[in-house]
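Asks: Structure provided below as structure tokens; questions to follow.
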Amino acid sequence: MLSKQPGSSAPPSIPEPVAASLLRLPLYPLRLAPARALGAVMERLLAVTLAQHERDGELDFLEGRKLQIRVEDVGLEWIITRAGGRWRVLDGRREADAVIRGQVREFVLLASRREDPDTLFFQRRLVIEGDVEFGLQAKNLLDSLEWEALPTPLRWLLANAGSLAVQVGG
């Protein structure tokens, strides 16, 4: 399945349909995971990743607000909110102040820093609906995250998923 040009030092490439499937595949089991357990893991990940931003007061705009993340091609959606200084990840089928929606490839490109966030939104590959100003604040927060602030296993996962996403045409 893997192909490599003879004499090339480039890593082998994966055919685009296979790469697209591999990108989505790990997300399907998340639809079956117990919502409370998955939410708890995501809440902890948010707390660890955004700890410095929280200390700097950069998350105050999120307090009591609801941001929905909708990954359309795999049917996943979550509401992310802060209440009393704590992260909460809720079932996504609720009312939200703003929605950021798109395909898994675009979210992976954003999270892995393989694509500029402004490009993804300008080209409407990721879309903000609802309170656009709030959605843009959230997007800018994501853009300001330091790669090194992410836990090492998450960086590894995102780097590899990003490499796969680059192979999948847009």
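The values are calculated or read from the model by the stated rules, or taken from the named source; none is laboratory data. All values derive from a computational prediction rather than experimental measurement. Using ideal geometry, Cβ is built from the backbone for each residue, glycine included, and neighbour counts are taken over all protein chains shown. These area figures cover heavy atoms from the full protein model, side chains too; ligands, DNA and RNA do not enter into them. Shrake-Rupley method; radii C 1.70, N 1.55, O 1.52, S 1.80 Å.
Asks: Under a Cβ-Cβ cut-off of 11 Å, what is the net charge of the residues other than ARG113 that fall near it, where Lys and Arg count +1 and Asp and Glu count -1? Please report the intermediate quantities before stating the final value.
Replies: Details: positive: ARG114, ARG155; negative: GLU115, ASP116, ASP143, GLU146.
Around ARG113, the charge tally is -2.
Asks: What does the charge dipole of segment 71-170 about its Cα centre add up to, to the nearest 20 debye, if the Cβ of each Lys and Arg holds +1 and the Cβ of each Asp and Glu holds -1? Spell out each step's value before the answer.
Replies: Numbers: 13 positive and 16 negative charges, 59 e Å.
Roughly 280 debye, rounded to the nearest 20.
Asks: Kindly give the semi-axes, whole Å and largest first, of the ellipsoid equivalent to segment 64-153, taking each as the square root of 5 times a Cα gyration tensor eigenvalue. List each step's numbers first, then the result.
Replies: Working: eigenvalues 75, 55, 36 Å².
Gyration-tensor ellipsoid for segment 64-153: 19, 17, 13 Å.
Asks: Using a 1.4 Å probe, what is the accessible area per residue for segment 98-137, in Å²? Provide the component values of the computation, followed by the final result.
Replies: Numbers: 1930 Å² over 40 residues.
So segment 98-137 comes to 48 Å² accessible per residue, rounded to a whole number.
Asks: Where Lys and Arg each count +1 and Asp and Glu each count -1, what net charge lies around GLU146 among other residues with Cβ under 13 Å from its Cβ?
Replies: Details: positive: ARG113, ARG155; negative: ASP56, GLU58, ASP143, GLU148.
Result for the local shell: -2.
Asks: Can you tally the net charge around GLN68? Count Lys and Arg as +1, Asp and Glu as -1, for every other residue whose Cβ sits under 15 Å from the Cβ of GLN68. Don't skip to the answer; put the middle values down first.
Replies: Working: positive: ARG65, LYS66, ARG70, ARG82, ARG88, ARG93, ARG94, ARG101, LYS139; negative: GLU72, GLU77, ASP91, GLU95, ASP97, GLU129, ASP131.
Result for the neighbourhood of GLN68: +2.
Asks: Carbon and sulfur: what percent of segment 57-152's accessible surface (1.4 Å probe)? Don't jump to the answer; show the numbers that get you there.
Replies: Numbers: 2290 of 4880 Å².
Here it works out to 47 percent.
Asks: Here's something else I'd like to know. With each pseudo-label sitting 7 Å past Cα toward Cβ, what's the ALA47-SER163 distance in nm, one decimal?
Replies: Between ALA47 and SER163, the simple spin-label model gives 3.3 nm.
Asks: Once the Cα gyration tensor of segment 32-101 is diagonalised, what are the square roots of 5 times its eigenvalues, in whole Å and ordered largest first, as equivalent ellipsoid semi-axes? Let's see the in-between values first.
Replies: Working: eigenvalues 86, 40, 21 Å².
Three semi-axes, in Å: 21, 14, 10.
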